[in-house]
Every structure is written in C-alpha cells, then in structure tokens.
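A.B. asks: This is the structure I want to talk about, given as structure tokens.
The values are calculated or read from the model by the stated rules, or taken from the named source; none is laboratory data. On a predicted model such as this, the values are computed, not experimentally measured, just so you know. As a convention, Cβ positions derive from the backbone with ideal geometry for all residues, glycine included, and neighbour counts pool all protein chains shown.
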Amino acid sequence: MTVKIEKASLNLFVPDTEKAMTLYEKIFDAKKIELTTTDTMKSGRFSIGESLFALADEQPENGGKSPLTLKGTPLCIQLICNNVEELVEKTLAAGCILEMPITVVPNKFKVANIKDPFGFVWSISEVYAN
C-alpha cells in the first residue's frame with residue numbers, strides 16, 4: 001500500500017489560544033472553524049484563505065512550546081495576498097512588529113516580514129509583474 005498525503009497544515013502553540021484566534025481573525029480575516037476550551041487547555045482550528053491552521057495553548061510537557069518560550073522561531077509562514085502595503089499596515093496597527101520592510105523583487109513579488117505578538121513570523125507577499 002502506498003501512503004497518500006492529502007494536505008499539510010500548521011499547528012501553532014501559543015500562550016493564549018483565544019487571544020491568538022482573535023488577533024488572526026482581525027488582521028488576516030481568519031475564519032474560526034472551532035474553539036475548544038477545557039479546564040486545562042484551549043485549542044482551535046481556523047483557516048486563512050485556503051490554508052488550515054490549528055492553535056493550542058502551550059504544552060511544554062508534550063513538546064508544544066510557543067516561539068515566545070523558545071525565544072524565536074525557525075520558520076516563516078508565507079501569506080500571499082493582493083495588497084502587501086494594506087495588510088502590513090493592518091498588522092502593525094494591531095501590534096505586530098515589522099521584521100523586514102516591503103522589498104520588491106522585480107517582475108516577481110513584493111514581500112515584507114512581520115512578527116506577531118505570539119512570536120510567529122509571517123511573510124506577507126504579493127505576486128506581480130512590472
């Protein structure tokens with residue numbers, strides 16, 4: 001039997017799932033799929049465009065640590081949009097930090113990197129041709 005992988009998604013560990021969900025809804029127009037709260041933790045799922053994400057409160061005992069706990073992140077989440085300038089402004093107004101200003105790669109794309117309050121770096125890109 002050959003294993004078929006249907007899709008991939010990211011699981012993001014954060015200090016507070018509800019706050020992260022609210023922020024992503026505000027800045028990325030994320031669509032909440034579910035939010036589950038128990039006595040010991042919160043978790044949820046959301047989509048941005050066609051991409052699926054999972055969120056969960058940190059679980060260091062199971063290896064689930066946020067970028068804030070790790071003091072950095074080894075990855076960058078790329079979002080492709082139709083207006084880099086507008087989306088970057090929206091993220092900065094919500095408390096994100098500009099890590100890399102808007103950079104133009106001629107005849108390819110514009111890109112900027114922002115860091116959200118939970119430590120994740122988002123690469124905001126716009127494909128275009130001059």
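A.B. asks: As an exercise: evaluate L55 against (1) in contact with a Ser or Thr (Cβ under 6 Å, 6 or more places away or on another chain); (2) without any contact (Cβ under 8 Å) to a residue 12 or more places away in the chain and give the number of the one condition it does not meet.
C.D. replies: Tallying (1) in contact with a Ser or Thr (Cβ under 6 Å, 6 or more places away or on another chain); (2) without any contact (Cβ under 8 Å) to a residue 12 or more places away in the chain, L55 fails exactly one: (2).
A.B. asks: Looking at (1) part of a loop (DSSP other than H, G, I, E, B); (2) out of contact with any strand residue (DSSP E or B) (no Cβ under 8 Å at 6 or more places or on another chain), can you tell me which one F118 breaks?
C.D. replies: Single failed check for F118: (2).
Results for (1) more than 21 Å from I114 (Cβ to Cβ); (2) modelled with pLDDT of 95 or more, shown as yes or no for each residue.
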| residue | (1), (2) |
| --- | --- |
| F13 | no, yes |
| K19 | no, yes |
| L23 | no, yes |
| A30 | no, yes |
| I33 | yes, yes |
| M41 | yes, no |
| G44 | yes, yes |
| I48 | no, yes |
| L55 | no, yes |
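A.B. asks: Looking at segment 89-111, is at least one residue in a strand (DSSP E or B) and crowded, with 17+ Cβ neighbours inside 10 Å?
C.D. replies: Yes, the conditions are met somewhere in segment 89-111.
A.B. asks: Restricting attention to segment 27-65, which residues are closer than 16 Å to I124 by Cβ and loosely packed, with under 14 Cβ neighbours inside 10 Å?
C.D. replies: Result: D29, G49.
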